[in-house]
Amino acid sequence: MNKITSKMFFQAWLETVHDKKEYVLDIWRHAREFRSHLRGDDAIIMKEVADKLHLLCYHSDYYSLDTVFYKEDDLVPGRPAVSYWLRDIRIAFEHENNFNSGLYREVSNLLITNCDLRVLVTCPNGDGHEQLEYLHKVIQGSRQSQTISDDESFLVIFGFESDFSWDGYVYKQDNWKREATDAISNQPADP
C-alpha cells in the first residue's frame, strides 16, 4: 500500500483514541500531558496510529511540524544513525489544544508541506463550524487546493470531550466532506 488516505488515517485515529479512552479523558484538560502523549517524548497515541498504518513517526517539531509519518526508505541514506533527515513525508500532522489560538497557522504550515496527507486535530469550543468555514477559505486560496480536493489529502479532526466523539472532515473544493465513522465513534456521519 503506497498512499494512506484520509479515511485510513481517521479510522486508525478512532481505533487508537477509543482503545485509550479512559486515559485520554484523564489527560484531556492537562495540555502539557496531552501534548506529550500526542507528540512529545511519550507520543503513545501517534506511535500507535503509525503502527496501524504500517508507518514510522517522528515527533520533535520536524520543520515545525508536530509529527511526521514516513517509511524506512524515506530516510536519507548515509545520515548519522540517530538523526531524522527525510527525503519524503507521507503524512504531516499538527495538533492544537487551544482551538481559538489561530488554527490558520497550523493549516498554513500543513499547506506548504509536500506530503501525501495533511492532518489537523483540535478540540473546538462548541461545534466549530464557523472555524471550519474559515479554514476552508484558507485552503481554497492556495494554488494546490484543487489537487488537495481531488486527492482528499487534507483532514481536520475535531475532538469533543463531553461525549468523547471525533468528527473527521476532508477538504473538498466546494465544501468539507464529513468522513464516515464506524461503530467505534459515538456519532454517525451526516448523510
Residue satisfying condition, being at pLDDT 95 or above, part of a loop (DSSP other than H, G, I, E, B) and polar (S, T, N, Q), within set 142, 149, 185: 142
Give the residues of region 69-101 that are part of a loop (DSSP other than H, G, I, E, B) and buried (at least 21 other Cβ atoms within 10 Å of the Cβ), sorted by residue number. 89, 90
Any chance residue 17 is of a type in the set (A, V, I, L, M), assigned to a helix (DSSP H, G or I), on the phi < 0 side of the Ramachandran plot and in contact with a Gly (Cβ under 8 Å, 6 or more places away or on another chain): yes
Kindly indicate which of 30, 54 is surrounded by fewer than 17 Cβ atoms within 10 Å (Cβ to Cβ) and over 18 Å from the mean Cα position of the chain (by Cα). 30
List the pairs whose first member sits in region 9-38 and is without any contact (Cβ under 8 Å) to a residue 12 or more places away in the chain and farther than 16 Å from residue 93 by Cβ, whose second member is assigned to a helix (DSSP H, G or I) and charged (D, E, K, R), and whose Cβ atoms are under 7 Å apart, counting only residues at least 6 apart or on separate chains? 27/33
Filter region 102-113 down to residues that are in contact with a strand residue (DSSP E or B) (Cβ under 9 Å, 6 or more places away or on another chain) and assigned to a loop (DSSP other than H, G, I, E, B) and give me whichever is farthest from residue 151 (Cα to Cα). 102
Every residue in region 105-151 that is closer than 16 Å to residue 89 by Cα and in contact (Cβ under 8 Å) with a residue 60 or more places away in the chain, please. 116, 117, 119
Restricting to region 152-180, and then to whatever is surrounded by fewer than 19 Cβ atoms within 10 Å (Cβ to Cβ) and among the polar types (S, T, N, Q), can you tell me which residue is modelled with the lowest pLDDT? 162
Among the residues of region 114-137, count how many are surrounded by 15 or more Cβ atoms within 10 Å (Cβ to Cβ), of a type outside the set (Gly, Ala, Ser) and outside any strand (DSSP E or B). 8
Of the residues in region 139-151, those that are β-branched (Val, Ile, Thr) and crowded, with 16+ Cβ neighbours inside 10 Å come to 139, 148
Residue by residue through region 38-50, note down the ones that are modelled with pLDDT of 90 or more and either in contact with a strand residue (DSSP E or B) (Cβ under 9 Å, 6 or more places away or on another chain) or in a loop (DSSP other than H, G, I, E, B) (or both). 46, 47, 49, 50
Reported set for region 152-182 where residues are without any contact (Cβ under 8 Å) to a residue 40 or more places away in the chain, part of a strand (DSSP E or B) and farther than 23 Å from residue 25 by Cβ is 171, 177, 178
Across (1) in contact with a helix residue (DSSP H, G or I) (Cβ under 7 Å, 6 or more places away or on another chain); (2) assigned to a helix (DSSP H, G or I); (3) at pLDDT below 90, residue 32 clears everything bar (1)
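The values are calculated or read from the model by the stated rules, or taken from the named source; none is laboratory data. These figures come from a predicted structure and were not determined experimentally. Note that we place each Cβ from the backbone using ideal geometry, even for glycine, and neighbour counts take in every protein chain shown.
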